[in-house]
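Note sheet for the following structure.
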Amino acid sequence: MKDNELIGGVENSVPESKTKAVKDENIKDEQRAKILSIAVLVVVVLTIWYMMDIVFITFILVYLFYNLLSGVQKKLFSKLPFNVPNGLVLALLYIVFIGILVILGSEVVPKAAVWVTAFTEQIINFDIEAFKSALSPRLAEAINNFDLDSGFNYLVTLLITKLGEFSARIGSLTFSLIVSMLLSFVIVVEKDDIVEFGKRVEDSKISFIYNYFMIFGGNFCKTFGKVMKVQLIIALVNSALSMIGLKFIGFEAIVPFGVMIFVLGLIPVAGVIISLFPLCIMAFNIGGIIKIVEVCIMVCVLHAIEAYILNPKLMSAKTRLPVCFVFIILLVGEHYMGVWGLIMGVPIFIFIMSMFDVDYAIVREKKQKLRVDNWRKKFSGK
């Protein structure tokens, strides 16, 4: 009897050991698949790193126009007795978008060119001796102790160099925008074909890479949407506060500057700094150095409000990350990726956390739900 029980126990223990071995092997296979997926992603990123402007702008345009197309089709054309092709609707949306860019460019670029030319000429033709003679004797004597001429010449050379770099950067971004618009249009138009191709990849031998990228990419897109909504709120606040400040400073046409600040405000933190250049040129034409100082003070205050209050706080509320984490992510992202790091930093961080199965949002949601339940119990008890 005992021998039979012993034999039965051995027979029962064999399947359990085999099951455990199979589970361990599956875990190892899953880990290998994840490591291989991460390696493929790193190789792809390193390959396209030099054209990151085009990649980021294309991603933003695809996200924007895909949602616009879905919204227009559902709210406007869904009630029609016939179907409107997606390609036609998308073409109309792109025509409107290009028209807005052309109108803004035709209004802003010529005026900006005139302001920049006038500002540069005034700086180059600045008479240092006349400036010294207008000062009090004591202040003029103190200034004479410094090599003001060489310092001023250095500033003029630096200004011309920076203007050249800025012009080259604008040209590069314009080219990237044109290429990105073409790519995004093709991607959104052929979205059904892309989905069909993805299904074929899902049935192939590299399906594990596709599945990982679909999961992580979905989290990335959701987070990016939240980030853009936050940035839209911040841009509206910046535009309104800037228009009020410019009115107090003495600017007359504040609406064009408000639109410019709103558009640039969609670039987190850096948008405020970029808008400083045309504002300073206009301020110099209005009231000289004093007005430039007033504009700089206003921009510094707005930059501080955005960088240290609005951006981390709103981003934390939308992404459910701690405020200090968001602040550090923005700093690190700007350091390594420039302006794009401010836009993509938080989604990339969420993407990386998803790859390592960090369910931070679930923990915070449970805590928040627990606090709400406790509050309801106290309220019902009263």
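The values are calculated or read from the model by the stated rules, or taken from the named source; none is laboratory data. Please read these numbers as outputs of a predicted model, since none were measured by experiment. Quick reminder, even Gly has a Cβ in these numbers, built from the backbone with ideal geometry, and neighbours come from all protein chains shown.
Is it the case that some residue within the stretch 204-214 is in contact with a Phe, Trp or Tyr (Cβ under 7 Å, 6 or more places away or on another chain) and closer than 29 Å to residue 353 by Cβ?
Among the residues of the stretch 204-214, not one is in contact with a Phe, Trp or Tyr (Cβ under 7 Å, 6 or more places away or on another chain) and closer than 29 Å to residue 353 by Cβ, which makes the answer no.
Please work out if residue 272 is closer than 20 Å to residue 233 by Cα, surrounded by 15 or more Cβ atoms within 10 Å (Cβ to Cβ), among the hydrophobic types (A, V, I, L, M, F, W, C) and modelled with pLDDT under 70.
Judged against the criteria, residue 272 is a match.
Are there any helices (runs of 4 or more DSSP H) wholly within the stretch 278-382 with 1 or more residues that are modelled with pLDDT of 75 or more and either of a type in the set (Gly, Ala, Ser) or touching a strand residue (DSSP E or B) at 6+ places or on another chain (Cβ under 7 Å) (or both), and if so which?
It comes to 289-305, 323-337, 339-355.
Show me the helices (runs of 4 or more DSSP H) found entirely inside the stretch 49-135 where at least 2 residues are farther than 30 Å from residue 337 by Cα, at pLDDT below 80 and not assigned by TED's automatic domain parsing to the domain that holds residue 232.
86-124, 128-133
For the stretch 223-259, give me each residue that is assigned to a loop (DSSP other than H, G, I, E, B) and surrounded by fewer than 17 Cβ atoms within 10 Å (Cβ to Cβ).
Scanning the stretch 223-259 gives 250, 252, 253.
Just checking, does the stretch 196-206 include any residue being touching a Leu at 6+ places or on another chain (Cβ under 8 Å) and not in a loop (DSSP other than H, G, I, E, B)?
Taking every residue of the stretch 196-206 in turn, none turns out to be touching a Leu at 6+ places or on another chain (Cβ under 8 Å) and not in a loop (DSSP other than H, G, I, E, B).
State whether the residues of the stretch 156-175 include one that is under 25 Å from residue 41 (Cα atoms), modelled with pLDDT of 80 or more, in a helix (DSSP H, G or I) and under 25 Å from the mean Cα position of the chain (by Cα).
No, the stretch 156-175 contains no residue that is under 25 Å from residue 41 (Cα atoms), modelled with pLDDT of 80 or more, in a helix (DSSP H, G or I) and under 25 Å from the mean Cα position of the chain (by Cα).
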